[in-house]
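Data first, discussion second: the structure below is written as C-alpha cells.
The values are calculated or read from the model by the stated rules, or taken from the named source; none is laboratory data. Here the structure is a predicted model, which is why all the values come from computation and not from measurement. Quick reminder, even Gly has a Cβ in these numbers, built from the backbone with ideal geometry, and neighbours come from all protein chains shown.
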C-alpha cells in the first residue's frame with residue numbers, strides 16, 4: 001500500500017482536480033482508497049493562456065512551449081496542496097499520474113492531419129517539485145496502436161466498479177453523455193464504452209439563451225414544461241443516435257450552433273424547450289444502453305447531470321427494469337473519479353501493466369499507457 | 001552489452017541521424033561501440049511542416065499535435081532502416097534514445113514566457129513500431145532544476161572522450177562554435193561547456209552573398225584573401241566574446257543581419273572578407289579556450305568547420321601549444337556523435353543515473369534526464 005496522486009485537468013477548464021489515494025496490487029486486484037480530493041481553480045490569467053493555446057487562431061509554438069512548463073508548475077502546486085490538506089509529506093507520495101491539459105485531439109485521421117493528441121504540463125517539473133516519479137501522456141500510446149485515445153477512464157472504472165454477476169452501466173452526464181458497460185462476466189475484454197449523445201450541453205445552451213443562466217439548476221425549468229413530441233422525434237432522428245459504437249461526439253455536434261438551429265426552427269415556450277431537451281438526453285441514454293441490459297443491472301449516473309432530478313426521473317421512467325443510482329451512492333464523487341483514474345493508470349504503467357480498453361477506444365490491443373519520469 | 005539506438009534531428013533540419021551502438025555499463029564505466037550510422041533526409045513536404053511548426057506566424061496547436069505523431073513515425077522508420085542496414089532484428093534493440101525535433105527553446109525566462117523547451121516526435125509511436133523501450137524529452141528535466149536545457153551532449157562527451165591526465169577540448173564548429181572542456185582531473189564536476197561564438201555562420205552568409213554558394217568549400221576563398229586587422233579588431237570587440245561562461249549564442253547574434261551590417265559598413269574584397277571572417281572564428285575559439293590549456297592538451301575539432309583547412313591552419317597558428325586533431329582521428333564522426341549521445345543518455349536514464357552536466361547547463365544539480373516509455 002503506497003500513497004499515489006492522480007491529477008486531471010479537463011477540457012471544461014474548471015481547474016486542476018487532484019486525488020490522493022492509497023493503492024496496492026494491480027490489474028483486477030488493485031485496491032484503491034480515496035484519502036483526499038481537491039480542485040485548484042485556474043486563475044483568470046492562466047485560463048486566458050490555456051484558451052489561447054487551444055485556439056487555432058491564437059496558438060503558436062512559443063505559447064505552447066512556455067505553457068507546458070507553467071502548467072507543470074501548477075499541477076505540482078496542486079499536488080502539494082492536497083498533500084498538505086491530508087497532512088502527509090509530499091515526498092512520501094510513491095508516484096503521480098498526471099493526465100495533462102488536452103490542447104488538441106484528432107481521434108481519427110483528417111487529412112492533412114494524422115490521428116494524434118496533445119496534452120501538456122511538463123512531467124519533469126512535477127517530478128522535481130514533488131520529488132517523486134511521474135507518469136504522463138497516457139493517451140498517446142493507445143493511439144499508437146490504432147485507438148482513438150479516448151475514453152481513457154474505462155480501465156480504471158473496471159478496476160473500481162466491476163462487480164461479478166451484475167451488469168453495471170456507468171453513465172456520465174457532462175456536456176456530452178458517455179457510458180461504460182461493465183459486463184456481468186467481469187471480463188475486461190467484454191467492456192464497452194462510448195458517447196451516448198448530448199449530456200447537458202443543449203439544456204445549458206437553452207438556459208443561457210432564455211434565462212441568462214449557466215444551467216437548469218435542479219431541472220427547475222424542465223419540470224415546468226411539457227415534452228414536445230414532434231421536436232423530440234426530430235432530435236431522436238439525429239444520425240449520431242443510431243450510429244454503431246465505438247463512437248464519440250462533442251460540442252461541435254450538439255453545442256451552440258445545433259441549439260441555435262433548433263431555436264430558429266421551433267417555436268415553443270422556454271419551459272417546453274427545456275423539458276424536451278432534457279427528455280432527449282434521457283431517451284438517447286436509454287436508447288444507447290438498452291442493448292446491454294441483461295439480468296441484474298445497475299445504472300450508475302455521474303457528472304453534472306446526476307444532480308438534475310428532472311433528468312433522473314425521466315431516465316428512471318425510460319428504464320423501469322434497471323436500478324438507477326448516482327455515483328456518490330456507491331463510492332467516489334464524479335469529480336474525484338477522473339483524478340483517481342490517473343492514479344490507477346499510473347499504478348498500472350509503473351508495473352508494466354495495461355491501461356487501455358481496446359473495446360472502448362478501438363485500439364488493436366491492450367498496452368501500458370504513458371511515459372515514466374523517475375525522480 | 002546490449003544494442004541501443006540514438007536518434008537526433010537537429011535544428012539544421014538536415015534529416016534524422018541514427019546511430020546503432022552496443023553499450024554496457026553506466027556513468028564513467030560506460031562502454032560504447034558504434035555499429036552503424038545513417039541519416040534519413042526529410043522529404044520536402046515534411047520540411048515544410050517542420051518549418052511551419054517552428055514559425056511564430058504559421059504554427060498552431062493542430063499542426064503541432066499532428067506533426068508530433070508524424071515525426072514519431074519517421075523516427076521509427078529511421079531506426080528500422082539502420083537496423084536493416086546493420087542486419088540486426090529491430091526487436092533486439094534494448095532501447096532507443098530519441099532527442100526529438102526541437103520546435104522552440106527559451107533558455108531563460110523572457111516575460112511573459114518562462115524558461116522552457118519543446119521537442120516533438122511521439123515516443124509512444126517509436127515504442128510501438130520498434131517494440132522496445134524509448135527514452136525521450138531529455139532537456140526538460142535539466143530545465144526543471146534551473147539549467148538552460150543546453151548543451152545536452154557534454155555528459156556523453158565525458159563518457160566517450162574523457163582521458164585522465166590529458167585536457168581535452170572538444171570544439172564543435174557548426175553554424176555556431178561550442179566547446180566542451182574535459183579536464184585532466186577526469187572529474188565530471190570540473191567539466192565546462194559553452195558556445196565560443198560564431199562557427200561557420202558568417203563565412204556561409206558571405207559566400208551566399210558574394211558567390212551564391214552555401215559555404216566556402218575547403219576554405220578556398222579565405223585562403224586567397226588577407227585578414228583585415230581593423231575589421232578583425234572590431235569583430236573581436238563583440239560583447240559576446242568577452243562575456244563569461246556559461247553562455248550561449250545563436251544565429252540571431254551572428255547570422256544574416258549581423259553579416260549584412262558588416263557588408264554595409266566595410267569595403268573589402270570578397271576574399272579579404274572571407275579571410276577575416278575565418279580568422280574571427282579561429283581567434284574567438286582560441287580566446288575562449290586559452291584559459292583551459294594546462295599541461296598536455298588536445299583540441300579535437302568536429303562539425304562542418306573541421307573540413308575547412310584554412311580555418312584549421314588558422315586555429316593551429318593561434319594555439320601552437322596544443323595538438324589539434326579532428327574528430328574522425330580519435331573515433332566517431334561529428335555527425336554520428338550527437339546521435340550516439342542520445343543512446344548514452346538513454347542508457348543513463350534507464351539505470352536511473354544522471355545525464356546533465358550542471359557546470360555546462362547552469363543546472364542546480366545533476367539529474368537523470370528524460371521520460372521512459374516502456375514497451
Item to check | Search result, residues across segment B:101-110 that are in contact with a strand residue (DSSP E or B) (Cβ under 6 Å, 6 or more places away or on another chain) and either surrounded by fewer than 23 Cβ atoms within 10 Å (Cβ to Cβ) or within 7 Å of another protein chain (Cβ to nearest Cβ) (or both) | outcome: B:102, B:103, B:104, B:105, B:106
Item to check | Of all residues making up segment A:121-133, the number that are surrounded by 24 or more Cβ atoms within 10 Å (Cβ to Cβ) and more than 8 Å from chain B (Cβ to nearest Cβ) | outcome: 2
Next on the checklist: Please verify whether residue B:24 is surrounded by fewer than 16 Cβ atoms within 10 Å (Cβ to Cβ) and within 11 Å of chain A (Cβ to nearest Cβ), treating the condition exactly as stated.
Outcome noted: no
Checklist entry - Given B:199, B:174, which one is closer than 20 Å to residue B:329 by Cβ, away from every other protein chain (no Cβ under 14 Å), touching a helix residue (DSSP H, G or I) at 6+ places or on another chain (Cβ under 8 Å) and surrounded by fewer than 24 Cβ atoms within 10 Å (Cβ to Cβ)? => result B:174
Next on the checklist: I need the strands (runs of 3 or more DSSP E) fully contained in segment B:117-227, keeping only those with at least 2 residues that are within 23 Å of residue B:337 (Cβ to Cβ) and outside the structural domain of residue B:18 (by TED's automatic domain parsing).
Outcome noted: B:167-173, B:176-182, B:192-198
Next on the checklist: Test of understanding: among A:366, A:346, which residue is more than 12 Å from every other protein chain (Cβ to nearest Cβ), modelled with pLDDT of 95 or more and surrounded by fewer than 23 Cβ atoms within 10 Å (Cβ to Cβ)?
Outcome noted: A:366
Checklist entry - When you go through B:95, B:113 one by one, which is the residue that is touching a strand residue (DSSP E or B) at 6+ places or on another chain (Cβ under 6 Å), more than 11 Å from every other protein chain (Cβ to nearest Cβ) and either touching a residue at least 60 places away in the same chain (Cβ under 8 Å) or surrounded by fewer than 19 Cβ atoms within 10 Å (Cβ to Cβ) (or both)? => result B:95
Next on the checklist: With closer than 20 Å to residue A:180 by Cα, surrounded by 23 or more Cβ atoms within 10 Å (Cβ to Cβ) and assigned by TED's automatic domain parsing to the domain that holds residue A:209 as the only criterion, which of A:285, A:293 stands out?
Outcome noted: A:285
Item to check | Evaluation of residue B:66 against (1) surrounded by 20 or more Cβ atoms within 10 Å (Cβ to Cβ); (2) touching a residue at least 40 places away in the same chain (Cβ under 8 Å) (one fails), failing number | outcome: (2)
Checklist entry - Is it the case that residue B:47 is surrounded by fewer than 17 Cβ atoms within 10 Å (Cβ to Cβ), under 21 Å from residue A:59 (Cα atoms), away from chain A (no Cβ under 14 Å) and free of Cβ contacts under 8 Å to residues at least 40 places away in the same chain? => result yes
Checklist entry - Quick check, is residue B:56 at the interface with chain A (Cβ under 8 Å from one of its Cβ atoms) and surrounded by fewer than 22 Cβ atoms within 10 Å (Cβ to Cβ)? => result yes
Next on the checklist: Criterion first (in contact with a helix residue (DSSP H, G or I) (Cβ under 6 Å, 6 or more places away or on another chain), surrounded by 21 or more Cβ atoms within 10 Å (Cβ to Cβ) and at pLDDT 95 or above) does residue A:71 satisfy it?
Outcome noted: no
Next on the checklist: If the requirement is being in contact with a helix residue (DSSP H, G or I) (Cβ under 7 Å, 6 or more places away or on another chain) and either in the same structural domain as residue B:172 (by TED's automatic domain parsing) or buried (at least 20 other Cβ atoms within 10 Å of the Cβ) (or both), which of these qualifies: B:306, B:323, B:261?
Outcome noted: B:306
Checklist outcome for this item: For segment B:316-346, the count of residues that are without any contact (Cβ under 8 Å) to a residue 40 or more places away in the chain and more than 25 Å from residue B:39 (Cα to Cα) equals 8
Item to check | helices (runs of 4 or more DSSP H) contained entirely in segment B:259-375, each with at least 1 residues that are closer than 16 Å to residue B:158 by Cα | outcome: B:334-350, B:358-361
